Amino acid sequence: MSWSTLRLACLLGVVPSLVYAAPAVTPLPSYVTQFAPLSHLDSTEVYFPADVANHLTHVQPEEDMSAIASSVTFSTIGSLSSDVFLTSKDTVEDIQNVASWLNGVKPESTGLTSAPATIVAVQKAGGIVDAFYFYFYSYDHATYLGLQFGDHVGDWEHSMVRFVNGVPQDIYLSAHDGGSAYTYSALPSQNGRAITYIANGTHANYASPGSHQHDLPGLDDQTDAGSIWDVTLNFRGYWFDNSTQTFTVASGAGTGGSVEAGEGVGWLNFAGRWGDEQYDLFHEGQYCVTSDECKYVSGPTGPIAKNLGRTAVCQDESSCTIQTSV
Ligand SMILES: *[C@@H]1O[C@H](CO)[C@@H](O)[C@H](O)[C@H]1NC(C)=O
Ligand SMILES: *[C@@H]1O[C@H](CO)[C@@H](O)[C@H](O)[C@H]1NC(C)=O
């Protein structure tokens, strides 16, 4: 367009919308928040939801236990290899004195916490939209029979609601290496929103309060109706295109919604670990009862590694039973 036609167009009021157009953001469908689960943290929880942005300021990227950079940001994380462990700059062992950033932020009585959740929606064939509600914590602390097993820096858990033509059909709740699936209506609800329970310390997700055995007998998770975390009040929202494996910014809410466009989506492509690599046996405080049942284990992978493109409702598609009652 020449300057004279541009001037003319401006006079006619045509161009400003072109010149000032912000990048197109496709908001998340309203049903994604309308039917977002409401989650009870445990009443004795001390490791609350954490903001990914804050977590990044306390870790450095390491490979084979040595730093490859002294810091990591939203602009550098996307280019890190999947071998990277985002490792705490603070010594985690002295748990009594650990920095408070590991403790996250307890939700207020309204369900709002200043730590934004992450919601990722994925469109699939057959009128399906899978909405992944990701819960991030800076620390996972697990006590069993007075011993700690499976502690790690960084903790990603999720629930997923499968919508068919905008109607919530099924829900998946992640717990440790697996999880459970239910019809959406099987769960108790409040104003149409499913209620879920987050286990003390391990943050595994369950459909009921009480004791939940996992892995070995004696390794129980505890849930109760402690503080409510309403992720819709503060979240970063994204779309994930499974055919191109790309994330784009969608709409969010609260501080998450206001910061996400500036942060970009590179962090969601990081395929490495969000915490320290499992310490060896010589590391102060480490103990193991088997080769993989240790006090300290490696931090987890993030949303990209949680099978966002799943066809079945469960993360592990090889066995997925959708229960019709809790
Ligand atoms: C919950 O976990 C914290 C440490 O993470 C622990 O101090 C507390 O005793 C646990 N609550 C119960 C009921 O076991
Ligand atoms: C997502 O992509 C993966 C890899 O290309 C493919 O195996 C999977 O079937 C896709 N999922 C859906 C729901 O189309």
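The values are calculated or read from the model by the stated rules, or taken from the named source; none is laboratory data. This one's a predicted model, so the numbers in the text were calculated from it and none came from an experiment. No Cβ is skipped: glycine too gets one built from the backbone with ideal geometry, and neighbour counts run over all protein chains shown. We work out accessible area using only protein heavy atoms, side chains counted, and drop any ligands, DNA or RNA first. Shrake-Rupley method; radii C 1.70, N 1.55, O 1.52, S 1.80 Å.
Which of the residues belonging to segment 39-74 are within 15 Å of the chain's Cα centre (by Cα) and open to solvent by 10 Å² or more (accessible area, probe 1.4 Å)?
Passing the criteria: Tyr47, Phe48, Asp51, Ala53, Asn54.
Can His141 be described as surrounded by 18 or more Cβ atoms within 10 Å (Cβ to Cβ) and more than 20 Å from the chain's Cα centre (by Cα)?
Answer is no for this residue.
I'd like to check something: does segment 59-73 contain any residue that is of a type in the set (A, V, I, L, M, F, W, C) and on the phi > 0 side of the Ramachandran plot?
yes
Name the residue that is farthest from Thr246 (Cα to Cα), counting only residues in segment 303-326 that are in contact with a Gly (Cβ under 8 Å, 6 or more places away or on another chain) and crowded, with 18+ Cβ neighbours inside 10 Å.
Taking the candidates together, the pick is Cys314.
Would you check if Ala253 is open to solvent by 20 Å² or more (accessible area, probe 1.4 Å) and touching a strand residue (DSSP E or B) at 6+ places or on another chain (Cβ under 6 Å)? Please lay out each step first, then the result.
Numbers: open to solvent by 20 Å² or more (accessible area, probe 1.4 Å): yes; touching a strand residue (DSSP E or B) at 6+ places or on another chain (Cβ under 6 Å): yes.
Taking the combined requirement at face value, the residue satisfies it.
Out of segment 122-166, which residues are part of a strand (DSSP E or B), in contact with a Leu (Cβ under 8 Å, 6 or more places away or on another chain) and within 16 Å of ligand 1 (Cβ to nearest atom)?
First, pick out the residues of segment 122-166 that are part of a strand (DSSP E or B): 122-124, 128-140, 143-144, 147-148, 151-164.
Restricting the remaining residues to those that are in contact with a Leu (Cβ under 8 Å, 6 or more places away or on another chain) gives 122, 130-132, 138-139, 144, 153-154, 159.
Answer for segment 122-166, where residues must be part of a strand (DSSP E or B), in contact with a Leu (Cβ under 8 Å, 6 or more places away or on another chain) and within 16 Å of ligand 1 (Cβ to nearest atom): Ser138, Tyr139, Tyr144, Val153, Gly154.
Return yes or no: is Gly126 open to solvent by 30 Å² or more (accessible area, probe 1.4 Å), touching a residue at least 12 places away in the same chain (Cβ under 8 Å), more than 27 Å from Val259 (Cα to Cα) and touching a His at 6+ places or on another chain (Cβ under 9 Å)?
Numbers: open to solvent by 30 Å² or more (accessible area, probe 1.4 Å): yes; touching a residue at least 12 places away in the same chain (Cβ under 8 Å): yes; more than 27 Å from Val259 (Cα to Cα): yes; touching a His at 6+ places or on another chain (Cβ under 9 Å): no.
No: the conditions fail for Gly126.
For segment 216-243, what are the residues that are closer than 15 Å to Ser39 by Cα and of a type in the set (Asp, Glu)?
Across segment 216-243, the qualifying residues are Asp224, Asp230.
Take the conditions more than 16 Å from the chain's Cα centre (by Cα), surrounded by 19 or more Cβ atoms within 10 Å (Cβ to Cβ) and within 26 Å of Ile195 (Cβ to Cβ) and apply them to Leu28. Does it pass?
Judged against the criteria, Leu28 is a match.
Consider Ser243 carefully, then state whether it is open to solvent by 40 Å² or more (accessible area, probe 1.4 Å), closer than 26 Å to Ser30 by Cα and over 21 Å from the mean Cα position of the chain (by Cα).
yes
Among the residues of segment 202-223, what is the count of those that are away from ligand 1 (no atom under 15 Å from the Cβ), open to solvent by 30 Å² or more (accessible area, probe 1.4 Å) and within 21 Å of the chain's Cα centre (by Cα)?
1
When both residues are 6+ apart or on different chains and their Cβ atoms are under 8 Å apart, which pairs have a first residue that lies in segment 139-161 and is within 22 Å of Phe270 (Cα to Cα), and a second that is in a strand (DSSP E or B) and among the basic types (Lys, Arg)?
Gly154/Arg273
For every residue, the table says whether it meets (1) assigned to a helix (DSSP H, G or I); (2) of a type in the set (Ser, Thr, Tyr).
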site	(1), (2)
Gly256	yes, no
Glu260	yes, no
Trp267	yes, no
Asp280	no, no
His283	no, no
Gln286	no, no
Thr290	no, yes
Arg310	no, no
Val313	no, no
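Being at pLDDT below 95, within 25 Å of the chain's Cα centre (by Cα) and either open to solvent by 30 Å² or more (accessible area, probe 1.4 Å) or of a type outside the set (Phe, Trp, Tyr) (or both) is true for just one of Ala21, Ala99. Which residue is that?
Ala99
Residue-wise test of (1) at pLDDT 95 or above; (2) within 16 Å of ligand 1 (Cβ to nearest atom); (3) assigned to a loop (DSSP other than H, G, I, E, B); (4) under 18 Å from the mean Cα position of the chain (by Cα).
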{"residue": "Tyr182", "(1), (2), (3), (4)": "yes, no, no, no"}
{"residue": "Asn200", "(1), (2), (3), (4)": "yes, yes, yes, yes"}
{"residue": "Ala225", "(1), (2), (3), (4)": "yes, yes, yes, no"}
{"residue": "Trp239", "(1), (2), (3), (4)": "yes, no, no, yes"}
